[in-house]
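Chemist: I have a structure here, written as structure tokens, and I will follow up with some questions on it.
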Amino acid sequence: MASSTDGLRDEIVTLLPKLRRFARVLAGQPADADDLVQLVVERALMRLAQYQPGTRLDAWMFTMMRNAWIDEVRSRGRRGKVFMPEEDGAHVGSDGARAMATRLEAMDVHAAMQTLPEEQRSAIALVCIEGLAYREAAEALGVPIGTLTSRLARGRETLDRLLSGGAT
Amino acid sequence: MSVTHEDLMAYADGELDGADKARVEAAIAAAPDLRAVVDGHRALRSRLSAAYAPVVEEPVPARLLDAVRAQPAMDNVVSLGAARAKRTPGQWQAREWAAMAAALLVGVIVGGQALRPASAIVAANGGLEARGALARALDTQLAADQGAVRIGVTFRTIDGDTCRTFAAQGGGLNGLACKENAKWRVDMAMRGESRPATEFRTAAAETPPEVLARVDAMIAGEPLDAVQEKDARARRWTAPR
């Protein structure tokens, strides 16, 4: 049905903010993140016929995005490199003190997230930021629930350590 | 009564119900310092969502909106997946697929005898599926094996699927199939020049450039080597974890 494809495109438009957010977690840099979103949108449109109606479109695209990012990192050979989100830093000082504190806090969290191995970062992003249930996140990452749970626990432990002493 | 660290985390994330939830709540009642652990998990969770919340509020760049509205690029006329994505879907789709499958089957019939034409590739579930001898070869054969069907490259896609190139009928039918839901979805198939069956060729030499171009477009990393290929077969072509 032509209308179902159009409907899916509309749905993808409404998902763009969330896709950008997950991409930001994966890529760190806003420009890289939006490139990743664009790539995944193009791939999703190519593979729309493979999407199973009734399943979560966001989870389907998160999976695609994560795989694309792993591939990108592999091809660039920079796995594990820690990024500082430069735009957050660049804008500090242009707002009031309260907004600045929020940005600094956000920068801490972003920087801490970027130190995590990708598999823990993805698990935490899908559950704690995107709000997927464990089962949904495990499916999106293609791992058993037990694996997801241990990645979540390890990632949280590291974040707690890195962020302790900061604002709560 | 014991609860693990992961139980407390799952409880904090609202993942537990019934007996598991009651067990954790009883443990917290008995040892109030566990409450602090749960609160800590929840606090970190709110901190994470707050840190990334501004991204959702940002205006979406126009290029991303344009990308959603754009027609997908047609990367190769012989790529059925791309052709399908480009064509405006409609009620004709199933019929077009059937026609395409029929056209391919003609190739099989002209090409030779080893594959039963009616069972090689069929239209199913809005796409093409390998059946019969072709599906069996895709399931069981390694690149090193000889047979009526030759397997070329086995590789993983960026989406974690496992795909394999194949040549049947001494090169008369070439293509690429990916394992999906226990079936081999034929991503691409094309007629090639039939070659004498006695002539030895490596699988790579048999693979037409159009198929290789499609592999390049889909592949993540390197193709599987012989060991990885065997390993993948043992796992029935699902991705390793």
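The values are calculated or read from the model by the stated rules, or taken from the named source; none is laboratory data. Only a predicted model underlies this, so the values are computations on that prediction, with no experimental measurement involved. Reconstructed Cβ throughout: ideal geometry from the backbone, glycine too, with neighbour counts over all protein chains shown.
Chemist: Yes or no: region B:137-155 includes at least one residue that is at pLDDT 80 or above and within 14 Å of chain A (Cβ to nearest Cβ).
Modeler: Yes - at least one qualifying residue is present in region B:137-155.
Chemist: Oh, and also: Of these, A:Phe62, A:Phe83, which one is at pLDDT below 90 and either assigned to a loop (DSSP other than H, G, I, E, B) or aromatic (Phe, Trp, Tyr) (or both)?
Modeler: A:Phe83
Chemist: Further question: Report every pair of residues separated by at least 6 positions or lying on different chains whose Cβ atoms are under 6 Å apart, first residue within region B:26-50 and small (Gly, Ala, Ser), second loosely packed, with under 12 Cβ neighbours inside 10 Å.
Modeler: Close Cβ pairs (under 6 Å, with a partner that is loosely packed, with under 12 Cβ neighbours inside 10 Å) amount to B:Ala27/B:Met1; B:Ala43/A:Thr168.
Chemist: Here's a check for you: in region A:11-31, which residue that is more than 7 Å from every other protein chain (Cβ to nearest Cβ) and of a type outside the set (A, V, I, L, M) is surrounded by the most Cβ atoms within 10 Å (Cβ to Cβ)?
Modeler: Filtering region A:11-31 down to residues more than 7 Å from every other protein chain (Cβ to nearest Cβ) leaves A:11, A:14-15, A:19, A:22-23, A:26-31.
Then drop every residue that is not of a type outside the set (A, V, I, L, M), which leaves A:11, A:14, A:22, A:28-30.
Numbers: A:Glu11: 13, A:Thr14: 10, A:Phe22: 27, A:Gly28: 20, A:Gln29: 17, A:Pro30: 18.
Restricting to residues being more than 7 Å from every other protein chain (Cβ to nearest Cβ) and of a type outside the set (A, V, I, L, M), the top hit is A:Phe22.
Chemist: In region A:17-56, how many residues are touching a Leu at 6+ places or on another chain (Cβ under 9 Å), touching a residue at least 24 places away in the same chain (Cβ under 8 Å) and closer than 18 Å to B:Arg69 by Cα?
Modeler: Adding up the residues that qualify gives 9.
Chemist: Just one of B:Val24, B:Val60, B:Val37 is modelled with pLDDT of 90 or more, in contact with a Phe, Trp or Tyr (Cβ under 7 Å, 6 or more places away or on another chain) and not polar (S, T, N, Q); which is it?
Modeler: On the way: B:Val60 fails: in contact with a Phe, Trp or Tyr (Cβ under 7 Å, 6 or more places away or on another chain); B:Val37 fails: in contact with a Phe, Trp or Tyr (Cβ under 7 Å, 6 or more places away or on another chain).
Selected residue: B:Val24, the only one of B:Val24, B:Val60, B:Val37 that is modelled with pLDDT of 90 or more, in contact with a Phe, Trp or Tyr (Cβ under 7 Å, 6 or more places away or on another chain) and not polar (S, T, N, Q).
Chemist: Evaluate the following for A:Ala140: is it out of contact with any strand residue (DSSP E or B) (no Cβ under 6 Å at 6 or more places or on another chain), at pLDDT 90 or above, crowded, with 22+ Cβ neighbours inside 10 Å and more than 19 Å from B:Pro54 (Cα to Cα)? Working first, answer last.
Modeler: Working: out of contact with any strand residue (DSSP E or B) (no Cβ under 6 Å at 6 or more places or on another chain): yes; at pLDDT 90 or above: yes; crowded, with 22+ Cβ neighbours inside 10 Å: yes; more than 19 Å from B:Pro54 (Cα to Cα): yes.
Criteria met by A:Ala140.
Chemist: Under 7 Å by Cβ, and 6 or more places apart or on different chains, what pairs join a residue from region A:144-163 that is at negative phi with one that is in a helix (DSSP H, G or I) and among the basic types (Lys, Arg)?
Modeler: A:Ile145/A:Arg135; A:Gly155/A:Arg121
Chemist: Residue under question is A:Leu36, and the condition is that it be more than 10 Å from chain B (Cβ to nearest Cβ) and within 25 Å of A:Val109 (Cβ to Cβ); does it hold? Explain how you work it out, then say what you get.
Modeler: Working: more than 10 Å from chain B (Cβ to nearest Cβ): yes; within 25 Å of A:Val109 (Cβ to Cβ): yes.
Here the answer is yes, as A:Leu36 does meet what is asked.
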